[in-house]
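J.: Handing you a structure now.
The values are calculated or read from the model by the stated rules, or taken from the named source; none is laboratory data. Quick caveat: nothing in here was measured; it's all calculated off a predicted structure. Methodologically, a virtual Cβ is constructed for each residue, glycine included, from the backbone with ideal geometry; neighbour enumeration extends over all protein chains shown. Note: accessible area is taken over every heavy atom of the protein model, side chains too, but ligands, DNA and RNA are not part of it. Shrake-Rupley method; radii C 1.70, N 1.55, O 1.52, S 1.80 Å.
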Amino acid sequence: MLFFPNAKINIGLDILRKREDGFHDLETVFYPVPLKDALEVVRNESNDISFKQTGLTVDSEKGDNLCEKALALLKKEHELPGLKMHLHKTIPMGAGLGGGSSDASFSLIAANKLFNLGLDKEQLKSYAALLGSDCPFFIENTPMLAEGRGEILKNINLSLKGYFLVLVHPSVHISTPKAYGMITPLIPEISLSERIKQPIENWKDVLKNDFEEPIFKEFKELKKIKETLYENGAVYAAMTGSGSALYGIFKEEIDLSNEFVEYFVFQDWLE
């Protein structure tokens, strides 16, 4: 069976408070993006579970990849026969695009289908939440308002159909724990769930990613990318997650090859 785990972007990201468990409560909108890895899962004639990874290099020890952790989680409560898994990475790591979380969630989905485990979405999301805060989102994989650590999901009526998305990934890796350490949590007067209801033309003035201010101070090239997106006509531009990828939403298709060495453009990226 072949699956294509996709990336996501954050539209708005408010860090509300630090919790007693060390995590942070937040409010954000997760939106799927068609930048994808490839995940092949097939039965293994032996009873072994094997994992192979190609494409972009993932710095993890054997058994430490989130795909392998997802299977190990299922094996605690379900009998899994032999399985071969091959992950080809194209979603950049340390970019705020959720590629690893997506791979983990799709591994759960793949094993559920391949072995007829009969798990429904809520059960899959429960497993996914044990693997990462944003993993449950990829079980739903539709625009969602996320709260708590990112695992509390609510439906949101939001579509960017007809717009063009430009996604820029600079050669900068940002540690998520380091990014959170730079944040001073603050509860806004008006919640993101209300502010995002405004027309997209107003988002520039009412939405924010709380990671941007401290991270832009250290990585000025990221701030410049956002400015360049706006200078070229983006109706909204932001960093996704804790970075380092940034995106711009445009009303018309645009060629930015003179501005960026590497970028992705998506049209009608979610029906």
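J.: Return the residues of segment 50-66 that are open to solvent by 100 Å² or more (accessible area, probe 1.4 Å), at pLDDT 80 or above and part of a loop (DSSP other than H, G, I, E, B); say none if nothing qualifies. If you could, list the steps in order and put the result at the bottom.
T.: Of segment 50-66, the ones open to solvent by 100 Å² or more (accessible area, probe 1.4 Å) are 52, 57, 59, 61-62.
Within this subset, residues satisfying the condition of being at pLDDT 80 or above are 52, 57.
Passing the criteria: only T57.
J.: State the number of residues belonging to segment 18-56 that are small (G, A, S) and touching a strand residue (DSSP E or B) at 6+ places or on another chain (Cβ under 8 Å).
T.: Filtering segment 18-56 for residues small (G, A, S) gives 22, 38, 46, 50, 55.
From what's left, touching a strand residue (DSSP E or B) at 6+ places or on another chain (Cβ under 8 Å): 38, 50, 55.
Of the residues in that region, 3 qualify.
J.: Of all residues in segment 122-136, count the ones that are closer than 17 Å to F3 by Cα and open to solvent by 30 Å² or more (accessible area, probe 1.4 Å).
T.: Looking only at that region, the number is 0.
J.: For residues that are under 14 Å from the mean Cα position of the chain (by Cα) and open to solvent by less than 40 Å² (accessible area, probe 1.4 Å), tally how many sit in segment 142-152. Break it down stepwise before answering.
T.: Filtering segment 142-152 for residues under 14 Å from the mean Cα position of the chain (by Cα) gives 142-146, 149-151.
Imposing the further condition that a residue be open to solvent by less than 40 Å² (accessible area, probe 1.4 Å) reduces the set to 143-146, 150.
Looking only at that region, the number is 5.
J.: State whether one or more residues within segment 220-237 are surrounded by fewer than 16 Cβ atoms within 10 Å (Cβ to Cβ) and closer than 20 Å to A7 by Cβ.
T.: Step one: list which residues in segment 220-237 are surrounded by fewer than 16 Cβ atoms within 10 Å (Cβ to Cβ), which gives 220-221, 224, 227, 230-231, 233.
Now drop any that are not closer than 20 Å to A7 by Cβ, which leaves none.
No: zero hits.
J.: Scan segment 1-49 for residues that are open to solvent by 90 Å² or more (accessible area, probe 1.4 Å), touching a Ser or Thr at 6+ places or on another chain (Cβ under 8 Å) and within 18 Å of K89 (Cα to Cα) and jot them down.
T.: Once the filter is applied, which keeps residues that are open to solvent by 90 Å² or more (accessible area, probe 1.4 Å), touching a Ser or Thr at 6+ places or on another chain (Cβ under 8 Å) and within 18 Å of K89 (Cα to Cα), segment 1-49 yields only K36.
J.: P177 - would you say it is touching a residue at least 40 places away in the same chain (Cβ under 8 Å), surrounded by fewer than 20 Cβ atoms within 10 Å (Cβ to Cβ) and not aliphatic (A, V, I, L, M)? Before you say what the answer is, go through the steps one by one.
T.: Working: touching a residue at least 40 places away in the same chain (Cβ under 8 Å): no; surrounded by fewer than 20 Cβ atoms within 10 Å (Cβ to Cβ): yes; not aliphatic (A, V, I, L, M): yes.
It is false that P177 is touching a residue at least 40 places away in the same chain (Cβ under 8 Å), surrounded by fewer than 20 Cβ atoms within 10 Å (Cβ to Cβ) and not aliphatic (A, V, I, L, M).
J.: Among the residues of segment 155-174, which ones are touching a residue at least 24 places away in the same chain (Cβ under 8 Å), of a type outside the set (A, V, I, L, M, F, W, C) and surrounded by fewer than 18 Cβ atoms within 10 Å (Cβ to Cβ)? Step through it out loud before you land on a result.
T.: First pass over segment 155-174, keeping only residues touching a residue at least 24 places away in the same chain (Cβ under 8 Å): 156, 158-170, 172-174.
After this cut, where a residue has to be of a type outside the set (A, V, I, L, M, F, W, C) as well, the list is 159, 161-163, 169-170, 173.
S159, K161, G162, H173, listed by residue number.
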